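**Student:** Dropping the structure in here first, questions after.
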Amino acid sequence: MLALERGQVGERYILGGDDLTLSTLLAEIAARMGRPPPRIRLPLAAVVPVALAAEGWGRVSGREPFVTLDGLRMARRPMFFTSAKAERLLGYTHRSAAQAVAAAVEWFHQEGMLG
């Protein structure tokens, strides 16, 4: 809404928040779920066949694969972005990562997607 109200045509704004590594994010999700965080870190080469199989099954079943080759490639690299432009020009603010994870976990519970 801020971009619609205050943004300039043709401009792009990143609406982000806290920079987290994947392991930090997974630990936060696990804590919100009352479970221990993942302890095993698998080498990429061990997960590639799983991603290929998941993508193949996704094409056959019409369901979204739980892991993809693109997802693996993205998970390998830290990708931090800044919301400074949106904050400065639009007045954008974000909530903390912990608050966002808590809200997401609650939504998944409400939607019956978590046991």
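Every number here is computed from the coordinates shown, using simple stated rules; none is lab data. None of these values were measured; they are calculated from a predicted model. Glycine also receives a Cβ, built like all others from the backbone with ideal geometry; neighbour counts cover every protein chain displayed.
**Student:** Among 42, 90, 26, what is the fewest-to-most ranking by other Cβ atoms within 10 Å?
**Tutor:** Details: 42 9, 90 20, 26 13.
Fewest-to-most Cβ neighbours within 10 Å comes out as 42, 26, 90.
**Student:** So I have [x] 14.3, 47; [y] 17.7, 47; [z] 17.5, 53, and one of them is Rg and Dmax of the Cα atoms in Å calculated from this model. Which one is it?
**Tutor:** [y]
**Student:** Please say if segment 1-68 is rounded, prolate or oblate, where rounded means a/c under 1.5 for a ≥ b ≥ c the square roots of the C-alpha gyration tensor eigenvalues, and otherwise the choice is prolate for a/b larger than b/c and oblate otherwise?
**Tutor:** Numbers: a/c = 2.58, a/b = 1.46, b/c = 1.76.
Oblate.
**Student:** Taking amide hydrogens as modeled 1.01 Å from N in the peptide plane, which residues meet the under 5 Å criterion relative to residue 92, leaving out close sequence neighbours?
**Tutor:** Long-range HN contacts for residue 92: 87.
**Student:** Related question: Say each of residue 77 and residue 32 gets a label point 7 Å from the Cα, pointing the same way as Cα to Cβ; how far apart are those two points in nm?
**Tutor:** Result: 2.7 nm between the two label points.
**Student:** I need the phi-derived Karplus couplings for segment 81-92: 6.51 cos²θ - 1.76 cosθ + 1.60, θ = phi - 60°, integer Hz, Gly and Pro marked x.
**Tutor:** Couplings: 10, 10, 9, 3, 5, 5, 5, 5, 8, 10, x, 5 Hz.
**Student:** Continuing with the same structure: List residues of segment 14-44, by number, whose backbone nitrogen lies under 14 Å from a label position 7 Å along Cα→C-beta of residue 94.
**Tutor:** 14-22, 25
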